Amino acid sequence: MPFLRNSCLCLLGAALATSVLTTGCQSSQPAETVSQPAQAASQPVQDETVIYNKWEADTHRPHKEIAQRPPAEQKEYHDWRDKQPRAR
């Protein structure tokens, strides 16, 4: 009888562990394939914050949200960003 009880507990534990471990394994889409509405496209993607801050430092600009920059500066950032090597 103890063998059956221990087997059931092990099986239940394995089932719970499997469900917990597999729920966190979903991969998100890379930023390049995520489609954004036109309004949100002017805001940096969360992963791009570091890259945007690097652009500000490299071009000696004061910090501003990209949505607050004039369209010409936004275009300059996006052109600069497209020329950066992908670190993936």
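List the pairs whose first member sits in region 60-88 and is under 17 Å from ASP47 (Cα atoms), whose second member is of a type in the set (Lys, Arg) and surrounded by 13 or more Cβ atoms within 10 Å (Cβ to Cβ), and whose Cβ atoms are under 9 Å apart, counting only residues at least 6 apart or on separate chains?
Between residues of region 60-88 that are under 17 Å from ASP47 (Cα atoms) and residues that are of a type in the set (Lys, Arg) and surrounded by 13 or more Cβ atoms within 10 Å (Cβ to Cβ), the close pairs are TYR77/ARG69; GLN84/LYS54.
Provide a single number: the residues in region 23-73 that are at pLDDT below 60, more than 18 Å from GLN84 (Cα to Cα) and not polar (S, T, N, Q).
Qualifying residue count, region 23-73: 7.
Where residues in region 59-86 are surrounded by 13 or more Cβ atoms within 10 Å (Cβ to Cβ) and of a type outside the set (Lys, Arg), which of them is nearest to THR49 (Cα to Cα)?
Taking the candidates together, the pick is ILE66.
The values are calculated or read from the model by the stated rules, or taken from the named source; none is laboratory data. This one's a predicted model, so the numbers in the text were calculated from it and none came from an experiment. Cβ atoms come from the backbone with ideal geometry, glycine included; neighbour counts cover every protein chain shown.
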